[in-house]
Amino acid sequence: MAFWDASAIVPLCCSQSATKRVRKLLREVGRMVVWWGTPIETRSAFARLVRAGSLTDEERVRAVRLLEQLRQSWDEIQPSEQVRTVAEDLPDRYGVRAADAVQLAAALIWCRERPNRRPFICFDERLSRAAADVGFTVRK
């Protein structure tokens, strides 16, 4: 199992330079764990790619279908008081933004706040640094 950031899920759903790499990572780590906001972040990324001209509307529809298939198999950490409490001081301690703080807190809740080098799959540099600083092994 590994915790996955949306930045690593997007290339699973639409063709990008990292697609081969993330497919290989998925085979290696097996089951995905995500935070409850991942579908929103991922859909937002698809919309940005369409606006930028990097993804057609047809490709976006396929990407959304692939995302829905992934959702059937991943474990999702739901919002909770515990997630919020853990997230509250992460911006001060690790310089992450609000959504990344909640996501990192969800990852910490998943592992009972003992990352012990568990895999954290992420292409966002700031979140990757924070995840490594708290004890995850960041895979890219």
Exercise. Local charge sum around ALA106 (other residues, Cβ-Cβ under 11 Å, Lys/Arg +1, Asp/Glu -1)?
Worked result: -3
Problem set entry | Cut-off under 5 Å, modelled amide H: who pairs with GLN16 long-range | none
For this session: Run the numbers on the chain and let me know its relative contact order in percent, using alpha-carbon pairs under 8 Å that are six or more apart.
Result: 29 percent
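Helix-derived [θ] at 222 nm for the chain: sum -39500 (n - 2.57) over DSSP H runs of at least 4, divide by residue count, nearest 500?
My calculation for the chain gives -18000 deg cm²/dmol from helical runs alone.
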For this session: Work out from phi, with θ = phi - 60° and the Karplus expression 6.51 cos²θ - 1.76 cosθ + 1.60, the ³J(HN,Hα) of each residue of the stretch 96-112, listed in order in whole Hz, and give x for Gly and Pro.
Result: 8, 7, 4, 5, 5, 5, 5, 5, 5, 4, 4, 5, 5, 5, 3, 9, 6
Seminar exercise, completed: Rg from C-alpha atoms of the stretch 97-140, normalised by the globular rule of thumb 2.2 N^0.38 Å, equals 0.99
For this session: Of the listed values [x] 15.4, 57; [y] 15.4, 48; [z] 14.6, 42, grab the one calculated as Rg and Dmax of the Cα atoms in Å from the structure here.
Result: [z]
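Coordinate-derived values only; no laboratory data. Note that the structure is a prediction, hence the values are computed from the model and not measured. We place every Cβ from the backbone using ideal geometry, glycine too, and count neighbours over all the protein chains shown.
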